[in-house]
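Worksheet: one structure, shown below.
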Amino acid sequence: QKEVEQNSGPLSVPEGAIASLNCTYSDRGSQSFFWYRQYSGKSPELIMFIYSNGDKEDGRFTAQLNKASQYVSLLIRDSQPSDSATYLCAVSRMDSSYKLIFGSGTRLLVRP
Amino acid sequence: GAGVSQTPSNKVTEKGKYVELRCDPISGHTALYWYRQSLGQGPEFLIYFQGTGAADDSGLPNDRFFAVRPEGSVSTLKIQRTERGDSAVYLCASSPLGGINTGELFFGEGSRLTVL
């Protein structure tokens with residue numbers, strides 16, 4: 001079992017819709033959770049991080065964390081074609097907060 | 001420069017050869033990381049430097065891989081006796097000390113290594 005699991009996709013949504021990206025993790029010692037966006041042929045860039053159970057909103061993005069279920073998600077409202085990319089979920093442990101464990105990513109396609 | 005700079009952007013080599021990949025982090029960032037990303041996978045942690053020292057090299061696959069950061073700035077990842085399985089994009093990232101806990105790693109554009 002991989003430490004961080006994501007559906008590879010592609011997840012295809014129409015422009016203006018809500019895109020929901022999901023991630024599960026196996027290590028209960030995971031403390032911090034991150035979503036990175038990676039455009040094709042480019043390097044990853046941080047979108048959001050979340051530490052506490054519940055929701056965290058930043059503009060069109062909302063991260064949701066449920067530690068009991070070991071589940072973290074990213075919602076993108078009013079999806080735009082420019083949001084088409086691979087979204088990487090990453091976690092880190094308290095005892096090695098510098099080390100990010102990445103999932104394989106979910107490819108998102110936003111149809112105009 | 002403004003961002004993390006990696007050279008070369010592309011490297012093609014033959015099996016068994018030695019390669020060096022260079023990373024120039026954002027000025028003032030004390031933390032430097034190397035990750036490796038294979039096609040269709042997420043980045044995989046290799047090594048973390050805090051200043052000049054390797055604080056965690058547990059992700060290096062074997063003793064053919066070695067990395068240095070002698071002056072606490074530029075880092076070089078060295079791969080001896082390359083194998084076809086080493087083909088991947090090698091990503092370097094840096095962060096300010098305070099950035100570690102927010103997970104904000106600033107990645108370079110990567111060095112794509114192809115071993116024939």
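The table below gives the values:
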| item | result |
| --- | --- |
| Estimated buried accessible area (total), pair A and B, 1.4 Å, Å² to nearest 100 | 1600 |
| Contact order normalised by residue count of chain B, Cα under 8 Å, 6+ apart, percent | 36 |
| Whichever lysines have a C-alpha closer than 27 Å to that of A:Lys56, once near sequence neighbours (fewer than 8 apart) are set aside | A:Lys2, A:Lys42, A:Lys67, A:Lys99 |
| Sparse-neighbourhood loop sites, GluC sites (Glu not before Pro) in the stretch B:3-57 - DSSP loop, at most 14 other Cβ within 10 angstrom | B:Glu14 |
| Cut-off 9 Å between beta-carbons: net charge of the residues surrounding B:Ile47, Lys and Arg +1, Asp and Glu -1 | -2 |
| Coil-residue trypsin sites (Lys or Arg not before Pro) of the stretch B:32-116, DSSP, other Cβ within 10 Å capped at 16 | B:Arg64, B:Arg81 |
| Lysines with Cα under 26 Å of B:Lys15, excluding same-chain neighbours fewer than 8 positions away | B:Lys78 |
| Surrounding net charge for A:Leu108, when Lys and Arg each add one and Asp and Glu each subtract one, Cβ distance under 14 Å | +2 |
| Charge tally in the Cβ shell below 10 Å around A:Tyr87, where Lys, Arg are +1 and Asp, Glu are -1, A:Tyr87 excluded | +1 |
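The values are calculated or read from the model by the stated rules, or taken from the named source; none is laboratory data. Keep in mind the model is a prediction, meaning the values are calculated, not measured. When we count neighbours, we look across all protein chains shown, and the Cβ atoms used for this are built from the backbone with ideal geometry, even at glycine. With ligands, DNA and RNA removed, areas are computed over all heavy atoms of the protein, side chains included. Shrake-Rupley method; radii C 1.70, N 1.55, O 1.52, S 1.80 Å.
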